[in-house]
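Just below is one structure, and these are the notes that go with it.
The values are calculated or read from the model by the stated rules, or taken from the named source; none is laboratory data. Quantities reported herein were computed from a predicted structural model and do not represent experimental measurements. Cβ placement follows ideal geometry from the backbone for every residue including glycine, while neighbour counts extend to all protein chains displayed. For the accessible areas, the whole protein counts, side chains as well, though only heavy atoms, and no ligand, DNA or RNA atoms are used. Shrake-Rupley method; radii C 1.70, N 1.55, O 1.52, S 1.80 Å.
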Amino acid sequence: MENPNDKVAKDPRYQRWRAVIFGITWLAYVGFYFTRRSFPVAKIGILEDPAIEITRASLGWIDGLYGVAYALGQFLWGMCGDRFGPRKVVLAGMFLSVVTAVAMGMSSTVILFGALFFCQGLCQSTGWAPLTKNVSYWFSRKERGRTYGFWATNYAIGGMLASAFAGYMALVFLNWRFAFFMPAIVLAAIALLFVFLQKNRPEDIGLPSIENYHGEAVDVLVKDAAPEDAPEGSWKVIGEVFRNPVILSLGAVYFFLKPTRYAVLFWGPLIINDKLGTNIAESAIISAAFEAAGPLGVIFAGYASDKWFHSRRIPITVLGLSILAIILFLFNGLTDEGGIGTMVLLLFAMGFFLFGPDAMIVSASAVDFGTKKGASSSAGLINGMGSTGQILGLSLPGIIWANFGWGVLFNCLGAFVVLAVLLLLPRWNALPATVERRANS
């Protein structure tokens, strides 16, 4: 039976703009991936280039510099997204990312690659938090789970498209440098579209706020506060976000979740090769089952949070992570006994039950508890804490495998996810504080 509260107003102009904003922000984050994946794809060509003196170890610390910059940037640009608005931050990031990508394509020394990839990390971190905030102004809380469920498919789809495109361009032009140049052109074109199609808020083009449009209460950071108590972009709002216990809990949860995601993404092919004896190409194809499940898991989690749990994100996140933990604990034993079919099924299930909670934590939940005013700072804080945790996912597999084997690694990852579940359980029914909307809000 349809809930009457789910029925919303349908103004053609408003609906058209909502579709435009959803599309251009989704495309913008996909675009960032094109310049993000250039260096990983170009590594093979760089190592084979006789004009460049570089080692695998050097490539590793260059990746590390990127990771540090990306984590730091999440905190910085998250706050800037609230203070200056998504448009300025995202466009600046896109422009500098294009310039940096072109410069990397023209580089031939380890020092330049390292410095520029560090800069690229800062540029890339301008995307998620401000764009998440942008979407929050156009979609209300009751529809936010479904909205972000579809919107957050951008990072799974973007990664797959960007890697394939960069590799194909390097192959077509017979030169690894075009793995940088051509993706830069793609991002530049998307940035141009962003200039013409993106708007920060409905009020910027004479439309009412989303709360007025849907007749909903206004979310606030502090209980019993009025929406106008702290102006948007103020340090007071940002301070309230950084002190919010629910947001801090979500950041801690994301810290414990990201190691699994990055361990599978970066070490999956090697794990598959060890267990099944498959070659490089076969291992890579099998490992793709993990990311292939991502969009489905994200869409399902968003729909479930809205329809089954009445816009509460924590229950579906807890359930998904609980199942993920079980899969992680069983993974090593089942893959020792099973073949390719077992491996594909487990990787697909792992991706499905990981990416859904992942997206709910860093998008819909970040906006719910950060509110529209603090959405960028909230998403930046949570993603920054998660990006710190991803370092474990990149480094632990090699260390643990060398000393204990893959079974211990997956037990450790399962334990991390259990800790995340325990942190979330007390907040099962958590919802943001609200106040009745004002006539001029």
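Some points to look at:
- Once the Cα gyration tensor of segment 351-441 is diagonalised, semi-axes √(5λ) in Å: 35, 14, 9
- Pairs of Cα atoms nearer than 8 Å and 6+ residues apart set the relative contact order; for the chain it is 25 percent.
- Sorting His310, His214 by accessible area puts them as His310, His214; the probe is 1.4 Å, largest comes first, and only protein heavy atoms count.
- For segment 15-119, with all protein chains in place and a probe radius of 1.4 Å, 73% of the accessible heavy-atom surface sits on carbon or sulfur.
- Per residue accessible area in Å² of segment 227-314, where ligands, DNA and RNA are left out and the probe is 1.4 Å: 41
- Computed with the Debye formula from one identical point scatterer per Cα of the chain, without solvent, the log10 of I(q)/I(0) at q = 0.07 Å⁻¹ comes to -0.34.
- Once the chain from Ala284 to Glu53 is taken as fully extended at 0.36 nm per residue, the excess over their C-alpha distance is 80.4 nm.
- Share of carbon and sulfur in the accessible heavy-atom surface of segment 139-232 [1.4 Å probe, %]: 67
- Amide H within-cut-off set for Val220, under 5 Å, with H built and near neighbours excluded: Ala433, Thr434, Val435
- Dipole of the chain computed with +1 at Lys/Arg Cβ and -1 at Asp/Glu Cβ about the Cα centre; of Leu96, Ile391, Phe117, farthest Cα towards the positive end is Leu96.
- Residue pairs, from the table Lys10/Lys258; Lys199/Lys258; Lys43/Lys88; Lys10/Lys133; Lys236/Lys307, whose Cα atoms sit over 29 Å apart: Lys10/Lys258; Lys199/Lys258; Lys43/Lys88; Lys236/Lys307
- Of the solvent-accessible surface of segment 237-369, computed with a 1.4 Å probe over protein heavy atoms with every protein chain present, carbon and sulfur atoms account for 71 percent.
- Think of a 1.4 Å ball rolled over the protein heavy atoms: segment 67-199 then has 36 Å² of accessible area per residue.
- Dipole magnitude for the chain: computed about the Cα centre from +1 point charges on Lys and Arg Cβ and -1 point charges on Asp and Glu Cβ, it is near 820 debye.
- Accessible-area rank, largest first, for Asp274, Asp63: Asp274, Asp63, with all protein chains present and a 1.4 angstrom probe.
- Segment 308-391 - Debye-derived log10 I(q)/I(0), Cα point model, q = 0.11, 0.15 Å⁻¹: -0.40, -0.66
- Segment 325-441, accessible area per residue, ligands and nucleic acids excluded (1.4 Å, Å²): 39
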